[in-house]
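Notes follow the structure.
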Amino acid sequence: MKKWLVALVVVMFLTTILLSAETAAAPATVERVVVRVSPSANYALVKAQVLDASRRLGGALVSEIPEIRAVVLAVPSSAKAAIARISGVLLVEEDKPARLHGEVQWNVNMVNAPQVWSAYSPYYGNAAYGYYSTVRVAVVDTGIDYKHPDLNGAVTWCVVSLNNGATFYKGTDLSKCSDPNGHGTHVAGIIAARLNGAGVAGVAPKALLYAIRVLSASGSGYVSDIAKGIIEATKGPDGVAGTSDDADVISMSLGSSSDSTTLHDAVKYAYSYGVVLVAASGNEGASYPDYPAAYPEVLAVGAVDSNGNVPSWSNRYPDVAAPGVNILSTYPGGKYAYMSGTSMATPHVSAIAALIQALRLAAGKAKLTPDKVYYAIEYTAYNPTGYSYDPLYGYGIVDAKAAVDYALYYM
């Protein structure tokens, strides 16, 4: 045999050995599977046989659900067929991953917020998501779980005003303003839950928030506490109204059927400093909005469901309407929850106001006055009735993209 032929044979032999070694060393693909035992079989006996086969084939038990005759295994893909052939096994199916139904929920899509993000982020960056260094949304509510993964970094300052001011705090110790109820955290998520690939996304997912806690763990409080919260939010961390750290938007998912001079004066104080005020119209099915939504300085928000219908409990004659039925949002303890009410509709509109102001500033324009923000939101709203205004929808269902477009190009 010639030397070159011998060398070729040796190289081929070594190559075969190396390839075999690599193949042997390659880790097997492990899958999670659910093995279902037939109703007519002895569950304990079949389970034992399944576990024995799994161990022999390199798998392991993950868990079991005996109530539905199911055994969950982590096994090499090659083992599935052998386990399926065991007598008494009904089927072997993939243990499929599950998660929330998309980070951007139907309500955020209904108000066309993603269209704002995609249209304006190439030109104005994070302002398209509600962020500008001097723009803040104050959530006047039960506090905010600032540690929630979807609100990471969203809350920058807080105020507590409870028990007629007997309990008062303002500062950056956010633990003082945590949420023992859940309502405020839910509202905050609708505004600013982060667009981070998990959980849910808010309408303005990079907006910065002030947590203004004025309601107790039971969700109740005093008018004086709400008034104090509004004024402190207006003054901001530096304690001086009319400066750059003032709240630009105050979102109030609360209210009362009774008027109050104290509450109205606090609202007028904020309004006089250019703060956009947005409030829930109420959930009593009443003929008119609650207070503070009923005040002329405040944008009153009613609710609609995913089909655009107004529920019977949404108070009539709001200024605009927004999604407020079965809204999935953040909840204390890193959780998520569905909630309904004009409380849930309100933060959609508050977030749109934040988008308008952030994008105006990013575009080198001045912030709009509250009245002009209200006009942009009302004028561009869609009313399914065909009327310009009606008792159910007010001016209509809000449209973030249309409102931002109008505020940027026509005001």
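The values are calculated or read from the model by the stated rules, or taken from the named source; none is laboratory data. Quick caveat: nothing in here was measured; it's all calculated off a predicted structure. Positions of Cβ are generated from backbone atoms using ideal geometry, with glycine treated the same way; all protein chains shown enter the neighbour counts. Heads up: the accessible areas ignore ligands, DNA and RNA and are worked out on the full protein's heavy atoms, side chains in. Shrake-Rupley method; radii C 1.70, N 1.55, O 1.52, S 1.80 Å.
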Go through region 160-196 residue by residue and tally those that are open to solvent by less than 60 Å² (accessible area, probe 1.4 Å), in a helix (DSSP H, G or I) and not small (Gly, Ala, Ser).
8
On the basis of being of a type outside the set (Val, Ile, Thr) and in contact (Cβ under 8 Å) with a residue 24 or more places away in the chain, does Asp52 make the cut?
no
Ala128, sole failed condition from (1) under 17 Å from Ser251 (Cα atoms); (2) part of a helix (DSSP H, G or I)
(1)
Looking at (1) free of Cβ contacts under 8 Å to residues at least 12 places away in the same chain; (2) assigned to a helix (DSSP H, G or I); (3) farther than 15 Å from Gln49 by Cα, which is the one condition that is false for Val116?
(1)
Among the listed residues Val155, Val137, which satisfies the condition of being in contact with a strand residue (DSSP E or B) (Cβ under 8 Å, 6 or more places away or on another chain), modelled with pLDDT of 95 or more, β-branched (Val, Ile, Thr) and over 30 Å from Tyr409 (Cβ atoms)?
Val155
Taking the residues in region 368-411 that are touching a Gly at 6+ places or on another chain (Cβ under 8 Å), of a type outside the set (A, V, I, L, M) and assigned to a strand (DSSP E or B) as candidates, determine which candidate is nearest to Trp117 (Cα to Cα).
Tyr382
If we scan region 138-152, do we find a residue that is of a type in the set (Phe, Trp, Tyr), over 20 Å from Val398 (Cβ atoms), in contact (Cβ under 8 Å) with a residue 60 or more places away in the chain and surrounded by fewer than 22 Cβ atoms within 10 Å (Cβ to Cβ)?
yes
Subset of region 230-248 that is of a type outside the set (D, E, K, R), out of contact with any Pro (no Cβ under 9 Å at 6 or more places or on another chain) and within 19 Å of Ser350 (Cα to Cα) - its residue that is surrounded by the most Cβ atoms within 10 Å (Cβ to Cβ):
Ala233
Might you check whether a residue that is at pLDDT 95 or above, buried (at least 23 other Cβ atoms within 10 Å of the Cβ), in contact with a helix residue (DSSP H, G or I) (Cβ under 9 Å, 6 or more places away or on another chain) and in a helix (DSSP H, G or I) occurs anywhere in region 331-344?
yes
Kindly list, by first and then second residue, each pair from a residue in region 385-402 that is free of Cβ contacts under 8 Å to residues at least 12 places away in the same chain to a residue that is among the acidic types (Asp, Glu), limited to pairs with Cβ atoms under 8 Å and residues at least 6 apart or on different chains.
none
State the number of residues belonging to region 261-294 that are open to solvent by less than 10 Å² (accessible area, probe 1.4 Å) and among the aromatic types (Phe, Trp, Tyr).
0
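Here's the yes/no breakdown for (1) at pLDDT 95 or above; (2) within 19 Å of Ala138 (Cβ to Cβ); (3) of a type in the set (A, V, I, L, M):
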site	(1), (2), (3)
Asp246	yes, yes, no
Ser251	yes, yes, no
Tyr271	yes, yes, no
Val275	yes, yes, yes
Ser287	yes, no, no
Val298	yes, yes, yes
Gly302	yes, no, no
Ser312	yes, no, no
Scan of region 60-76 for residues that are open to solvent by 40 Å² or more (accessible area, probe 1.4 Å) and not in a loop (DSSP other than H, G, I, E, B), ordered by number
Ala60, Leu61, Val62, Ser63, Glu64, Ile65, Pro66, Glu67, Ile68
Looking at this structure, is Gly143 touching an Asp or Glu at 6+ places or on another chain (Cβ under 8 Å), at pLDDT below 95 and not β-branched (Val, Ile, Thr)?
no
Note: among Ala211, Ala217, just one is surrounded by 14 or more Cβ atoms within 10 Å (Cβ to Cβ), within 25 Å of Ala303 (Cα to Cα) and of a type outside the set (Val, Ile, Thr), namely Ala211
Could you list, in sequence order, all residues of region 325-343 that are within 15 Å of Asn109 (Cβ to Cβ) and either of a type in the set (A, V, I, L, M, F, W, C) or over 12 Å from the mean Cα position of the chain (by Cα) (or both)?
Val325, Asn326, Ile327, Leu328
Go through region 235-281 residue by residue and tally those that are part of a strand (DSSP E or B) and under 24 Å from the mean Cα position of the chain (by Cα).
9
How many of the residues making up region 208-227 are within 20 Å of Gly182 (Cβ to Cβ) and assigned to a loop (DSSP other than H, G, I, E, B)?
8
